[in-house]
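Engineer: What follows is a single structure, and I will ask about it in a moment.
The values are calculated or read from the model by the stated rules, or taken from the named source; none is laboratory data. Computed from a prediction, not measured in an experiment: that's the story for all the values here. So basically every Cβ, Gly included, is an ideal-geometry build from the backbone, and we count neighbours across all protein chains shown. Accessible surface areas use protein heavy atoms only, side chains included; no ligands, DNA or RNA. Shrake-Rupley method; radii C 1.70, N 1.55, O 1.52, S 1.80 Å.
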Amino acid sequence: MQTAVAFILIFGLLVFFHELGHFLFAKRAGIMVREFAIGMGPKIYGKTHGETIYTVRLLPIGGYVRMAGEDMDGVELQPGYRVGIIVNEDNIVNKIIFNQNNKQLPDLLFLEVERADLERELFIEGYDEEENLVSYSVARDCVVVENGRETVIAPYDRQFNAKTVGQRAMTIFAGPLFNFILAFFIYILIGLLNGVPTYEPIITEVVANDPAAQAGMLAGDKVTSIDGQAVEKWQDLAAIVQKRPDQNINVTVERGGQVENLNMTVKGVKQNGETVGQIGVKYESPRVFNPIKAVVYGAQETYNMTVRIFELLGMLITGQFTIDALSGPVGIYKTTEEVAAWGIFALMNFAAMLSINLGIMNLLPLPALDGGRLLFFGFEAVRGKPIDRQKEGMVHFVGIVLLMILMVVVTWNDIQRFFF
């Protein structure tokens, strides 16, 4: 249960911030947002506020922001349609009701549609019950009711495709951007609550009978150089030692204000098919609690993790990793279970890493992903006109199908790996 709660919280947080980026920049551009959804598939909860319905859906495999003008969103009135309309005191239509045969509302007027435009000119023209041809203006926030479902019309200037290339690109880019921002703030929170590691090369423990112990190294020694090469952080010490298996080194340490020189032979140890050096010391970084350093730590860790994920992605593309290196929801769930055992800060680190990973994956120039859509916006900016929407839609559809196939393969691989 603890793992399930942690997984749902992490997943929900990552998806929420990703979609929040799309949502906020869509609103900023004046785009009508129809739905803000966490999850996919059947709706299990929904609440309408203003012109947007906020939903939680059954399958934890993503989320979406549905904007006006996308995916056959428009409402179209064809000649011959019989509709009911309600007008306000200015004789402007503020509600259009489809499939309305009985005059259940006292103010309901019936029209047989002759012409209508609910996007640009905002009017409806047709024959009333006395067969008179009448015309009405339609309010910008007119509600269309069909089979009990209410939808606010979207004038063209409030649709996604009516906006400039820059506005549309920023709306799409904001999703991955907010994943990086989320990771940044998680790392800041870790720095504030758990302290910022200084990475000072101060020895915490010396392993008995290993090279460091035999050379006289003690817990509390601060390593300043190795063979004259300056050591400022623990990572410097580890990098130098690991590259010198079975070699003699001279280690300079500070101990109680005094400088000591220790000679030792690095021990060679097999790791992942190669020999690396070890001297037998343990390390736990001192931590400082400082808000400014926490902000710097957040930026550094976000940058370092971004670089690391790009390196791993490059290894995957070049074939240095196999599909076993990929994880779907099942793999992430199992990893969450393992990480949760290490405590809340390990779980927060894991969430930050996943957020950056989600941001990077979505920026890949692949169909159906945010990066694929940004690529089409780039083509539009160069050409001076958009790609045919039907052709672009087909490309994204194929991309979705391929991503779903990949998701099934990765999920099946996770099930085989973890349960069989």
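Engineer: In this structure, is Glu129 open to solvent by 80 Å² or more (accessible area, probe 1.4 Å) and farther than 25 Å from Arg373 by Cβ?
Structural biologist: Judged against the criteria, Glu129 is a match.
Engineer: Next question, about the same structure. For region 363-385: of the residues being in contact (Cβ under 8 Å) with a residue 24 or more places away in the chain and over 22 Å from the mean Cα position of the chain (by Cα), which is most open to solvent (accessible area, probe 1.4 Å)?
Structural biologist: Only one residue tops the list, namely Ala381.
Engineer: Of all residues in region 222-235, count the ones that are within 19 Å of Arg287 (Cβ to Cβ) and crowded, with 16+ Cβ neighbours inside 10 Å.
Structural biologist: Of the residues in that region, 2 qualify.
Engineer: For Val409, all conditions in the list (1) surrounded by 14 or more Cβ atoms within 10 Å (Cβ to Cβ); (2) in contact (Cβ under 8 Å) with a residue 24 or more places away in the chain; (3) β-branched (Val, Ile, Thr) hold save one; what is the number of the exception?
Structural biologist: Of (1) surrounded by 14 or more Cβ atoms within 10 Å (Cβ to Cβ); (2) in contact (Cβ under 8 Å) with a residue 24 or more places away in the chain; (3) β-branched (Val, Ile, Thr), only one is false for Val409: (1).
Engineer: Working only within region 340-362, note down all residues that are over 14 Å from the mean Cα position of the chain (by Cα) and assigned to a helix (DSSP H, G or I).
Structural biologist: Correct list: Ala340, Ile344, Phe345, Ala346, Leu347, Met348, Asn349.
Engineer: Which residue pairs have Cβ atoms closer than 6 Å, lie 6 or more positions apart in sequence or on different chains, and pair a first residue in region 248-276 that is touching a residue at least 40 places away in the same chain (Cβ under 8 Å) with a second residue that is open to solvent by 70 Å² or more (accessible area, probe 1.4 Å) and not in a strand (DSSP E or B)?
Structural biologist: Val266/Gln247
Engineer: Of Val266, Val253, Val281, which residue is open to solvent by less than 60 Å² (accessible area, probe 1.4 Å), touching a Gly at 6+ places or on another chain (Cβ under 6 Å) and either closer than 18 Å to Leu218 by Cα or among the basic types (Lys, Arg) (or both)?
Structural biologist: Going through Val266, Val253, Val281 in turn, the sole match is Val266.
Engineer: Go through region 47-69 and count every residue that is touching a Lys or Arg at 6+ places or on another chain (Cβ under 9 Å), in a strand (DSSP E or B) and over 22 Å from Pro329 (Cβ atoms).
Structural biologist: 5
Engineer: Which one is farthest from the chain's Cα centre (by Cα) among residues in region 204-231 that are within 15 Å of Gly256 (Cα to Cα) and of a type in the set (Gly, Ala, Ser)?
Structural biologist: So, considering only residues that are within 15 Å of Gly256 (Cα to Cα) and of a type in the set (Gly, Ala, Ser), the one farthest from the chain's Cα centre (by Cα) is Gly216.
Engineer: Given the structure, is Ser327 open to solvent by less than 80 Å² (accessible area, probe 1.4 Å), in a loop (DSSP other than H, G, I, E, B) and within 17 Å of Ala351 (Cα to Cα)?
Structural biologist: So Ser327 passes the test.
Engineer: Now for a different question. Which residues, taken from region 1-37, are within 25 Å of Gly166 (Cβ to Cβ), among the aliphatic types (A, V, I, L, M) and open to solvent by less than 50 Å² (accessible area, probe 1.4 Å)?
Structural biologist: Within region 1-37, Leu20, Ala26, Ala29, Ile31, Met32, Val33 meet the criteria.
Engineer: Can you tell me which residue is nearest to the chain's Cα centre (by Cα) among those in region 180-203 that are over 30 Å from Leu364 (Cβ atoms) and open to solvent by less than 10 Å² (accessible area, probe 1.4 Å)?
Structural biologist: Ranking the candidates gives Gly195 first.
Engineer: Would region 156-179 turn up any residue that is open to solvent by 40 Å² or more (accessible area, probe 1.4 Å) and either of a type in the set (Asp, Glu) or at positive phi (or both)?
Structural biologist: yes
Engineer: Checking the structure you have, find out if any residue of region 205-220 is open to solvent by less than 20 Å² (accessible area, probe 1.4 Å), in a helix (DSSP H, G or I) and touching a strand residue (DSSP E or B) at 6+ places or on another chain (Cβ under 6 Å).
Structural biologist: yes
Engineer: Go through region 11-23 residue by residue and tally those that are of a type outside the set (Phe, Trp, Tyr) and either at pLDDT below 90 or not in a helix (DSSP H, G or I) (or both).
Structural biologist: Total satisfying the criteria: 1.
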